[in-house]
Number of protein chains: 2
Amino acid sequence: MSRPKAAPKSCNRAVSEGVKAAVSAVRLRGAQITPLREAALKALWSAERPLGAYELRDRLTETLGRAVAAPSIYRTLDFLCEQGVAARIESRNAYVACAHPENDHLCVFLVCEACGDSREIEDPRLEKLIGEDARRVGFAVRRRIVEMSGLCAPCQRAS
Amino acid sequence: MSRPKAAPKSCNRAVSEGVKAAVSAVRLRGAQITPLREAALKALWSAERPLGAYELRDRLTETLGRAVAAPSIYRTLDFLCEQGVAARIESRNAYVACAHPENDHLCVFLVCEACGDSREIEDPRLEKLIGEDARRVGFAVRRRIVEMSGLCAPCQRAS
DNA sequence: CCCTGAGTGCAACATTATTGCGTTTTGTTG
DNA sequence: CAACAAAACGCAATAATGTTGCACTCAGGG
């Protein structure tokens, strides 16, 4: 399974900038960044695709040079998701760094079934429509999930 | 956790009509309805909320009077979802009978965090927008997932 | 009758996630 | 700084969810 991206996420500049922005965003809200949390952020930013919790654990175990237990991973991921600097891909039981931590927005994920990579897009119109629909039926929305699974452009060409 | 619905799904007429419609839809496509599949459909239609796979297993074990193994449940659920007569709520690892098996449409689920019930709505505009977004980035959509979690109207009043 | 394919049963196992509790770290307050 | 409280973390155990591989049954078609 190749990684047919023009600008891979493993580009170090993008990673370090993304992590830095996320760290700032979290600190601005008065929450703390611990070594574990920062390492997790970095691992997610460096990953070529959404990572499962146990996959993240393995990577952290390696970079931190010590065992990291499942509950720690889940707590860390919960924290990062609450802070809006990471997101859970429900259809995959996986987690990605969120590219837009700055504002509370709806993330739309396009998840490729072939290469496993996910792409995040934004669409304010979609966000608006969803809000309207919820309001119409008197539903108080707390969390919105929009995911598409299918084939990304490079994988379509490859098949 | 009460079930504050005006017309509970356990209303026998609605259940049997829903099941009947689903069975017809499946048969029209040349797929077979087996006793297990029909029992699962009935259980999902009768349920007051989305059921986990193992919850469904327990209910089937009771109604069928025999043990039903996990793989059978998952196979049955996969089948029903592929046929469009059931759907998986990703944010809950749960399954619901789909109220609109007649056409291939986008299901939007509103899942209440308090009572656990889910409501399915349709919005062709949403469907259209999502399609546009995917097309714009060259993504070939196979499955669309739109879920909101929050509080349903009755549970808002109750709190 | 034999063959085939779909559906099912079953044991074992894999993956994902949580609970409870004790310890460490961090931030706050006197 | 000392004492305390809250947050974060480690760890063992366990729960919940989902899968694999293989054998068996059963219906339909040669």
Sort B:64-74, B:110-120 by packing, meaning the average of other beta carbons within 10 Å per residue, with the highest value first. B:110-120, B:64-74
Nearest-to-axis residue of chain B, judged by Cβ, for the B-to-A rotation, with distance in whole Å? B:Glu90, 2
Just the Cα atoms of region B:22-126: what Rg and Dmax do they give in Å? 13.6, 46
Once phi for every residue in region B:97-108 is put through the Karplus expression 6.51 cos²θ - 1.76 cosθ + 1.60 (θ = phi - 60°), the whole-Hz ³J(HN,Hα) values, with Gly and Pro written as x, are 5, 8, 7, 10, x, 5, 10, 7, 10, 7, 8, 10
Once phi for every residue in region B:59-71 is put through the Karplus expression 6.51 cos²θ - 1.76 cosθ + 1.60 (θ = phi - 60°), the whole-Hz ³J(HN,Hα) values, with Gly and Pro written as x, are 5, 5, 4, 6, 5, 8, x, 8, 5, 10, 7, 3, x
Could you tell me the center-to-center distance, by alpha carbons, between region A:130-159 and region B:68-96 in angstrom? 20 Å
Hull-based mean projected area of the protein assembly as shown, where the convex hull spans the alpha carbons, in square nanometres: 18.7 nm²
Per-residue counts of other Cβ atoms within 10 Å, averaged by peptide: what ranking do you get for A:138-145, B:19-26, highest first? B:19-26, A:138-145
Please grab the % of Cα pairs in region A:86-131 that end up more than 18 Å from each other. 32 percent
Total Lys pairs in the protein assembly as shown closer than 15 Å by alpha-carbon, pairs eight or more apart in sequence or interchain only? 7
Using alpha-carbon pairs under 8 Å, 6+ residues apart, how would you state the relative contact order of region A:15-110 in percent? 28 percent
Within 10 Å of each Cβ in B:134-140, the average number of Cβ atoms from other chains: 6
From the label point of B:His100, set 7 Å along Cα to the beta carbon, how far off in nm is each other copy's matching point, shortest first? 2.6
For the protein assembly as shown, with only Lys/Arg (+1) and Asp/Glu (-1) charged at the beta-carbon, what is the dipole magnitude about the Cα centre, in debye rounded to 20? 180 debye
If you take the Cα Rg of region A:25-84 and divide it by 2.2 N^0.38 Å, with N the number of residues, what do you get? 1.06
Determine ³J(HN,Hα), in whole Hz, for all residues of region A:139-152 in sequence, where each value follows from phi through the Karplus function 6.51 cos²θ - 1.76 cosθ + 1.60 and θ = phi - 60°; x replaces Gly and Pro. 9, 8, 6, 10, 9, 10, 10, 10, 9, 10, 10, x, 10, 6
Which percent of Cα-Cα pairs in region A:71-159 sits in each 5 Å bin, short to long? 3, 12, 21, 20, 19, 14, 7, 3, 1, 0
Give me a single rounded figure for A:119-126: the average over its residues of other chain Cβ atoms within 10 Å of their Cβ. 3
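Only the coordinates and a few stated rules stand behind these numbers; no lab work does. Since this is a predicted model, take the numbers as computed values, not measurements. Heads up, the Cβs are rebuilt from the backbone with ideal geometry, glycines too, and the neighbour counts pull from every protein chain shown.
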